[in-house]
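The values are calculated or read from the model by the stated rules, or taken from the named source; none is laboratory data. Note that the structure is a prediction, hence the values are computed from the model and not measured. Note that each Cβ is placed from the backbone with ideal geometry, even for glycine, and that neighbours are counted across all protein chains shown. Just the protein is used for accessible areas: all its heavy atoms, side chains included, with ligands, DNA and RNA removed. Shrake-Rupley method; radii C 1.70, N 1.55, O 1.52, S 1.80 Å.
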Amino acid sequence: MPPKLSKSSSTASYQPVDIEEFDENGHIKQFTEDFDDDDNDIIGRVIGDIGKWQWKWVLILSLFQVISTFNIICFSFQAYEKDYWCARPSDGIFSGMNVSVWKNITLQTTDSCQIVSFPFDLNQTIQGDIGSYQMTNCENFEFSQDYMGPTIVEEFNLVCDNKKFVAVVEMSYLMGAAVASVVSGWISDKFGRRTILMCSATLQVIIGTLIAFSNSLIMYMVLRTMMGYVSMTVAVLNCILAVELVSGKYRTLIGILNMVPVALSYIIISSIAYFIRDWRQLQIVISLPWSLLLLIWFCVPESPRWLLVMNKYDELEVLIRRIAKMNNRTLPTNLRKILEASPKETDGATTSNQVNPLKIAFNSHYLKTTCLTLITWFTLIGLYFSLTLNLSNLGGDIYVNTAVSGVMETVSILVSIFVVFKLGTRETLIVYMLVAGIVCLATNFVAEKNIVFLGIIAKCFMGAANAIITIFTAQQYATHVRNFAVGLGNLAAGAAFMSVPYMWFLEDVWKNLPLTVLGVYGLIGAVALFFNKKK
């Protein structure tokens, strides 16, 4: 059960609207004092904060988070780093030689990227002292098959000098996601939440299926970049739409609950990947079945608040009557007048044409808030996704690590609902960032076998923080600049996204340096939040 909200919020969710609250011209006579000004939108007053209809669609929309998460996490399995060595000759006495023997006689015991260079006949034994020969770079490789099935690392030879391309491929996805995190909200403001959401979901299925048939690294990389864009668009818009279907304090509740499927997806995909080890088969399984979800295209509702802002009164009135019927609400007889006379900026769905949001976000009043918000987004997203996409680097079994982190993150997000309503979003974020930072730094003082456990703990706290950061950012700004401010936060998140693939390269400098840097991220984020108080 969710935490108990204010009395007025709970009551307004199910009781019929009081027609006397509106005058003959459709203006609201008076709001109750229990509502925050930002929540006094006409849609909430007419259809209520939440009801059966809203709960149904919030649940359905949350399914879109699953496929988006699948496409983020699958790369951890598809690009898993396997043992490799220079390939044995395809014929002759060495072709069937035991791998250990082959590696020993070719001096691959310390470096699997080079092989001893010596002339020999494949049908004769080696002559002379093998240690006196020079080394040459390998051209072909063999990979261990005792743990994972075929991966892109194996198929495209992403080892030795080509190993750097693994990070480039991962960055290509995150670059697409970074662009989408910034522009998806603006595009949906122009063309509608439902239209862009369903178009992106369709592309997600098509591109995801095509990825499985990639015949080159370039093709895989281009398709992953496109997938990053559409997946992030789906993730952002399904959350926006779900939140805009409810009102009052339920916006915070739904915003957090919308992230629960993300954590559950870790459990599901780790189970799928455990049984389907081939990267191409895995890609098809996590993509093609979701085409069934596209059947609801014309059933998915548009955001009533977007319809109001865009003056689409006919469509809005039909939607409101449909909602009222399922929620057993009584509508005022002058509904059309009420809608046409209502202020268009009360819900924060879009920015006023008369106001330059950039000037507002960086004016003297908001400059400090904006700078601290950018720092928070960068450190939070950088910390969360660095841990999420690199669990295999912490040691242990990748399937177990992913599943356990999913379970713990689900619990942490659900617990956060109660914590947020008790402490507030800012205070909760400070605690989460601080704990995650300290835990990451603590990895310098524990045994190596415990590092993965601490990493999972930090990831769980950051998963919960990731579910709250958008809500917190929205609370810091006035209605008419709120969407733009969240977009700025996503811009900082985009920069963090693109730095993630290179975080673990710091291991070449010092093994514990990546987690140490992430620990500092957590502390910096906590300090930024501490000073980021709403004026």
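Does region 206-220 hold any residues that are in a helix (DSSP H, G or I) and either buried (at least 20 other Cβ atoms within 10 Å of the Cβ) or of a type in the set (Ser, Thr, Tyr) (or both), and which are they? Hits for region 206-220 are 207, 208, 209, 211, 220. Can you work out which of the residues in region 418-459 that are of a type in the set (D, E, K, R) and more than 19 Å from residue 385 (Cβ to Cβ) is least open to solvent (accessible area, probe 1.4 Å)? Ranking the candidates gives 426 first.
Would you be able to tell me the number of residues in region 422-454 that are aromatic (Phe, Trp, Tyr) and touching a Phe, Trp or Tyr at 6+ places or on another chain (Cβ under 9 Å)? Of the residues in region 422-454, 1 are aromatic (Phe, Trp, Tyr) and touching a Phe, Trp or Tyr at 6+ places or on another chain (Cβ under 9 Å).
Scanning region 310-330 for residues that are under 32 Å from the mean Cα position of the chain (by Cα) and of a type in the set (Val, Ile, Thr), we see that the one that is farthest from residue 42 (Cα to Cα) is 323. Looking only at residues in region 313-327 that are open to solvent by less than 80 Å² (accessible area, probe 1.4 Å) and either without any contact (Cβ under 8 Å) to a residue 24 or more places away in the chain or charged (D, E, K, R) (or both), the one that is nearest to residue 299 (Cα to Cα) is 319.
Among the residues here, residue 305 does not qualify as basic (Lys, Arg), crowded, with 19+ Cβ neighbours inside 10 Å, modelled with pLDDT of 90 or more and in contact with a Gly (Cβ under 9 Å, 6 or more places away or on another chain).
Inspection of region 163-186 finds no residue satisfying the criterion of being of a type in the set (D, E, K, R), at pLDDT 90 or above, within 18 Å of the chain's Cα centre (by Cα) and over 21 Å from residue 297 (Cβ atoms). Summed over region 196-214, the residues that are touching a residue at least 12 places away in the same chain (Cβ under 8 Å) and either within 23 Å of residue 310 (Cα to Cα) or among the hydrophobic types (A, V, I, L, M, F, W, C) (or both) give a count of 12.
For every residue, the table says whether it meets (1) farther than 22 Å from residue 71 by Cβ; (2) modelled with pLDDT under 90; (3) touching a His at 6+ places or on another chain (Cβ under 7 Å); (4) open to solvent by 30 Å² or more (accessible area, probe 1.4 Å).
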{"residue": "243", "(1), (2), (3), (4)": "yes, yes, no, yes"}
{"residue": "246", "(1), (2), (3), (4)": "yes, no, no, no"}
{"residue": "251", "(1), (2), (3), (4)": "yes, yes, no, yes"}
{"residue": "254", "(1), (2), (3), (4)": "yes, no, no, no"}
{"residue": "262", "(1), (2), (3), (4)": "no, no, no, no"}
{"residue": "267", "(1), (2), (3), (4)": "no, no, no, yes"}
{"residue": "270", "(1), (2), (3), (4)": "no, no, no, no"}
{"residue": "277", "(1), (2), (3), (4)": "no, no, no, yes"}
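Of the residues 521, 477, the single one that is part of a loop (DSSP other than H, G, I, E, B) and open to solvent by less than 50 Å² (accessible area, probe 1.4 Å) is 477.
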